[in-house]
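Each value in this text was obtained by applying a stated rule to the coordinates, not by laboratory testing. Quick caveat: nothing in here was measured; it's all calculated off a predicted structure. So basically every Cβ, Gly included, is an ideal-geometry build from the backbone, and we count neighbours across all protein chains shown.
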Amino acid sequence: MAKPMTLPSMNVAMNSTQAGGRLQHIAPAARIWCAASLLGLLAGCDGSPSRNILGSYFPSWMVCALLGLALALAARAIFKASGLLEELPVPLVVMLAIGCAGTFTMWLIWLS
């Protein structure tokens, strides 16, 4: 009868003092308070604000982001038509700032 093959044992002691575990340097009471305070972050919100658009619920931040994107595209078209787009040193950053400003303004007006 053949002897069953065994795997070599691996001494993986992450938190033991022999292996130099990092958690041994923190007092047990401090570890408990740290874990308890982090549990409060897992609760999250009661519910995300959402809008019913054509029967589907979309997160409000997504609607505001799409409106900010539309504002940035409209601003780019206006800058292109007026010739100011070529004068901007970094047009991508300017359009991103306009889009973010439109998104945050829409969020403040619509949801506050």
Check your understanding: Going 7 Å from the Cα of Ala70 toward and past its Cβ, which residues in the stretch 98-112 have a backbone nitrogen under 13 Å from where you end up?
Key -> 103, 106
Check your understanding: Taking other Cβ within 10 Å of each residue's Cβ, how do Leu38, Leu71, Leu54 sort, fewest first?
Key -> Leu54, Leu38, Leu71
Review point. At what distance in nm do the modelled label points of Glu87 and Phe58 sit from each other, each positioned 7 Å from its Cα along Cα→Cβ?
Key: 3.4 nm
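Treat the count of other C-beta atoms within 10 Å as a stand-in for reagent exposure and order Leu73, Leu42 from fewest to most. List each step's numbers first, then the result.
Details: Leu73 13, Leu42 6.
Ascending number of Cβ neighbours within 10 Å: Leu42, Leu73.
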Check your understanding: For the stretch 28-94, what is the per residue volume of the convex hull drawn over the alpha-carbon atoms, in cubic angstrom?
Key -> 128 Å³
Exercise for review: Taking 7 Å along the Cα-to-C-beta vector as the label spot, tell me the Ser112-Arg51 distance in nanometres, rounded to one decimal.
Suggested key: 1.7 nm
Review point. Check Ser50: other-chain or 5+ apart residues with amide H under 5 Å from its amide H, H built from backbone geometry?
Key: Ser60
